[in-house]
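Working notes, structure below.
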Amino acid sequence: MTTEIRVPQLPESVADATLVAWHKQPGDTVSRDENLADLETDKVVLEVPAPMNGVIKEIRIQSGTTVTSGQVLAVIDEAGAGAVAGKAAASAAKTAPAANIARDSEAEGKDAGKLSPSVRRLVEENKLDPGAIAGSGKDGRLTKSDVVGFLGKQPNGGTAPAPAARAPMPAARPTAPGGRSEQRVPMTRLRQRIAQRLVDAQATQALLTSFNEVDLTAVQELRARHKDRFEKEHGVKLGFMSFFVKASIEALKKFPVVNASVDGTDILYHEYYDIGVAVSTDRGLMVPIVRDADAKSFADIEKEIGLYAKKAREGTIAIEDLTGGTFTITNGGVFGSLLSTPIVNAPQSAILGMHKTQDRPMVVNGQIVVRPMMYLAVTYDHRIIDGREAVQFLVAIKEGLEDPGRMLLGI
């Protein structure tokens with residue numbers, strides 16, 4: 001009995017996907033729910049699981065091809081699973097000692113301890129050298145999206161190479177002394193989508209940026225005073241982002257047009273607060289949404305942001321996590337940015353830019369003191385947001401952060 005493997009139903013907002021890599025080849029045995037291939041959409045990487053145990057009989061779509069929902073990718077022969085399994089068991093009985101030694105030796109390599117089970121499987125199936133792939137996870141760990149991105153750049157489209165291909169790749173053609181080389185690399189689907197959205201935002205919106213600066217002394221003192229108890233009580237660290245989310249929400253309530261969007265010739269006022277928090281990954285910038293953020297505590301916000309950031313970097317975030325949003329916060333300060341003009345995440349009408357916190361001399365009550373200062377930027381759609389509203393909105397955020405008690409009292 002054969003079964004067709006089809007492209008899973010893509011979300012309504014996604015028209016198609018690119019088949020990035022096959023993890024199995026014709027003749028390979030597969031287990032139920034085992035990942036057969038990776039599909040890259042404009043936002044996330046999706047897996048194609050095996051619906052049953054069996055043997056890959058035929059692959060109909062090659063890596064690098066654009067596919068749509070329901071399209072047949074491959075055929076599995078369920079009947080062949082038993083025979084292949086029997087042969088495999090017999091072979092394993094003869095070669096198990098040597099194979100186990102080889103596997104143990106390989107697993108104990110310097111990179112093995114850094115690989116999660118899903119990443120290890122992807123690396124082994126495609127016979128890759130983990131050391132040749134740049135890791136974007138914590139302490140340089142490889143994530144699934146790191147490996148998928150690496151496979152997508154390979155000339156063979158990410159298909160498993162033949163055993164002979166495991167030899168070192170030939171050296172690049174030498175260039176003359178002082179010569180200059182170039183390399184052409186196709187954009188990923190996500191990078192293409194990001195590029196298009198940024199261009200569209202600047203072409204359709206009247207963007208303007210206003211700046212201010214905020215003294216983070218009070219926030220830093222509050223974090224230092226309560227961070228240990230907060231982490232013990234809630235199981236998550238008290239970061240800066242939850243303060244900025246809360247301060248933004250209080251400012252949005254005072255200036256609802258900043259939380260609105262343009263729909264044709266109408267202004268659509270959103271009476272809820274779905275805050276996008278930009279996350280940088282190896283594949284590009286993603287903006288997961290903290291929904292109904294006004295109803296969530298500091299701990300809830302920190303947990304949700306941390307979870308989304310982990311999922312985004314591991315390539316497991318869902319499209320639903322990235323859809324919607326009424327206002328976005330981006331933090332270039334983590335990379336050392338002192339000042340920038342962020343671009344609005346359309347169809348939203350404004351975005352807040354955080355930057356590097358830096359000790360600077362400030363005049364306070366006639367005295368020069370050193371304070372931890374951060375420049376803030378708000379880019380907004382001038383079609384519906386006037387300069388007065390944008391400036392006062394940013395001042396409201398500044399006041400909330402310089403006196404966090406205001407956020408608790410709603411003043």
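Rg over Rh for region 313-388 works out to 1.12, using Cα positions for both radii and the Kirkwood form for Rh.
May I ask for the net charge around Ile384, where only other residues with Cβ less than 14 Å from the Cβ of Ile384 are counted and Lys, Arg are +1 while Asp, Glu are -1? Around Ile384, the charge tally is -3.
Basic side chains Lys and Arg get +1 at the Cβ, acidic Asp and Glu get -1 at the Cβ, and with that the dipole of region 273-397 about its Cα centre reaches some 400 debye. Compared with the direct C-alpha span, the chain from Thr2 to Ala206 gains 67.8 nm at full extension, assuming 0.36 nm per residue.
Subtracting the Cα-Cα distance of His382 and Met362 from their residue separation scaled by 0.36 nm leaves 4.0 nm.
Of the chymotrypsin sites (Phe, Trp or Tyr not before Pro) found in region 261-366, the ones in coil according to DSSP and having at most 16 other Cβ atoms within 10 Å of their Cβ are Tyr269, Tyr272. Within region 346-410, the proportion of Cα pairs with more than 13 Å between them is 72 percent.
Element breakdown for region 229-301 at a 1.4 angstrom probe: carbon and sulfur atoms account for 49% of the accessible area.
Working note: Karplus 6.51/-1.76/1.60 with θ = phi - 60° gives region 205-221 the couplings 10, 8, 7, 9, 10, 10, 10, 7, 9, 10, 8, 9, 4, 5, 5, 5, 5 Hz, where Gly and Pro are set to x.
If we count every other residue with Cβ under 14 angstrom of Ile275's Cβ, Lys/Arg +1 and Asp/Glu -1, where does the sum land? Summing Lys/Arg as +1 and Asp/Glu as -1 gives -4. Averaged over its residues, region 232-376 has an accessible area of 46 Å² per residue, based on protein heavy atoms and a 1.4 Å probe.
Beta-bridge orientation, region 299-406: approximately 75 percent antiparallel, per DSSP, counting only bridges with both partners inside.
Rounded to the nearest 20 debye, the dipole size of region 333-411 about its Cα centre is 140 debye, using +1 on the Cβ of Lys and Arg and -1 on the Cβ of Asp and Glu. With R₀ fixed at 45 Å, the C-beta to C-beta distance from Tyr269 to Leu222 puts the FRET efficiency at about 0.90.
The values are calculated or read from the model by the stated rules, or taken from the named source; none is laboratory data. What you see is a predicted model; the values in this text were computed from it and never measured. Because the Cβ atoms are built from the backbone with ideal geometry, glycine has one as well, and the counts that use them run over all protein chains shown. Note: areas computed on protein heavy atoms with side chains; ligands, DNA, RNA excluded. Shrake-Rupley method; radii C 1.70, N 1.55, O 1.52, S 1.80 Å.
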